[in-house]
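The structure under discussion appears below in the form of structure tokens.
Bear in mind these aren't lab numbers, they're just calculated from the coordinates by the rules spelled out. The structure presented is a predicted model; accordingly, all values stated were derived computationally and were not measured. Ideal geometry is used to build each Cβ from the backbone, glycine not excepted, and the neighbour counts take in all protein chains shown.
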Amino acid sequence: MMQRTLFRRGALLAQKAAVEVSLLPMSAPLQPRLDRAMSSVTIPPPECMLRPLEVPFRYLFGPGPSNVPPRVLAAGGRGIIGHLHPEMYEIMNDIKKGIQYAFQTQNNMTIAMSGSGHAAMECAVFNTVEPGESVLVAVNGIWGERVAEIAERMGANVHIMVKAPGGVFSNEEIEKVIVC
């Protein structure tokens with residue numbers, strides 16, 4: 001029991017130290033706090049924990065994660081406001097105006113939503129297709145299959161074109177199916 005208590009105390013002190021380090025200004029050098037002893041910690045921290053993490057720069061060209069613009073990185077280092085602060089409402093209204101401009105809409109129900117790619121597909125289908133309407137889905141992989149499933153679940157009449165994963169549909173192929 002004594003060993004577990006010592007472990008908990010050591011873990012709490014380590015968490016407290018981590019919070020203190022994270023609150024330091026960005027320009028402050030990270031140095032180990034050796035001026036106070038922790039009686040329950042007998043093993044010194046490894047060298048890798050005493051220096052800042054260095055991540056080499058790389059160009060990331062995949063769907064995510066992706067490179068973050070310096071302006072966004074700088075914003076991440078600024079103070080935080082809560083989701084109910086008046087300033088947050090102003091920020092959300094500015095985002096709403098930007099979305100309305102990008103999609104050329106005056107719809108008052110325009111909202112920014114955080115979610116996965118699947119969530120984006122559901123939003124797109126549910127906001128453009130009514131139950132009973134016909135939908136043509138060009139399936140060439142799992143995402144096309146998901147769109148077809150979403151449309152079927154909401155009651156659309158789904159027509160499917162299928163190609164092997166990664167296959168490409170020509171305009172002529174799509175027009176031919178639409179005309180029929």
Sequence of His118, His83 once ranked by neighbouring C-beta atoms within 10 Å, starting from the fewest: His83, His118
Nearest-0.05 FRET efficiency for Met161 and Thr128 at R0 = 22 Å, using Cβ-Cβ distance, is 0.75
What length, rounded to one decimal in nm, is gained on full extension from Met92 through to Gln104, with 0.36 nm per residue of separation minus their alpha-carbon distance? 2.6 nm
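Assuming 0.36 nm per residue, please report the length gained on full extension of the stretch Thr42 to Glu152 beyond their Cα-Cα distance. Could you put the intermediate results ahead of the total?
On the way: separation 110, 0.36 × 110 = 39.60 nm, distance 6.18 nm.
The span from Thr42 to Glu152 would gain 33.4 nm if fully extended.
Expressed as a rounded percentage, what relative contact order does the stretch 67-160 have, with Cα pairs under 8 Å and six or more residues apart? Can you show the working numbers first?
Working: 66 pairs, mean separation 18.3, N = 94.
This gives 19 percent for the stretch 67-160.
If you filter the stretch 50-108 for trypsin sites (Lys or Arg not before Pro), then keep DSSP loop positions with at most 11 other Cβ within 10 Å, what is left?
Details: sites: Arg58, Arg71, Arg78, Lys96, Lys97; in loops: Arg58, Arg78.
Here the trypsin sites (Lys or Arg not before Pro) that fit, given the DSSP loop and packing criteria, are Arg58, Arg78.
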From phi via Karplus (6.51, -1.76, 1.60), per-residue ³J(HN,Hα) for the stretch 87-102 in Hz, x at Gly/Pro: 4, 5, 4, 5, 4, 5, 5, 5, 4, 4, 4, x, 5, 4, 5, 4
Cut-off 15 Å, label point 7 angstrom out along Cα-to-Cβ of Ser66: give me the residues of the stretch 82-103 whose amide nitrogen falls inside. none
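Can you pull out the GluC sites (Glu not before Pro) in the stretch 99-180 whose DSSP state is coil and whose Cβ has at most 13 other Cβ atoms within 10 Å? Display every interim value, and only then the final one.
Working: sites: Glu122, Glu133, Glu145, Glu149, Glu152, Glu172, Glu173, Glu175; in loops: Glu133.
In loop regions of the stretch 99-180 (DSSP not H, G, I, E or B), the sparsely surrounded GluC sites (Glu not before Pro) are Glu133.
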Karplus (6.51, -1.76, 1.60) ³J(HN,Hα), θ = phi - 60°, over the stretch 76-83, in Hz, Gly and Pro reported as x: x, x, 7, x, 10, 10, x, 6
Set of the stretch 140-173 residues, backbone N closer than 12 Å to the point 7 Å along the Cα-Cβ line of Cys180: 159-162, 173
If you take the Cα Rg of the stretch 50-180 and divide it by 2.2 N^0.38 Å, with N the number of residues, what do you get? 1.47
For Ile95, Ile80, Ile178, what ranking results if the residue with the fewest other Cβ atoms within 10 Å of its Cβ goes first? Ile80, Ile178, Ile95
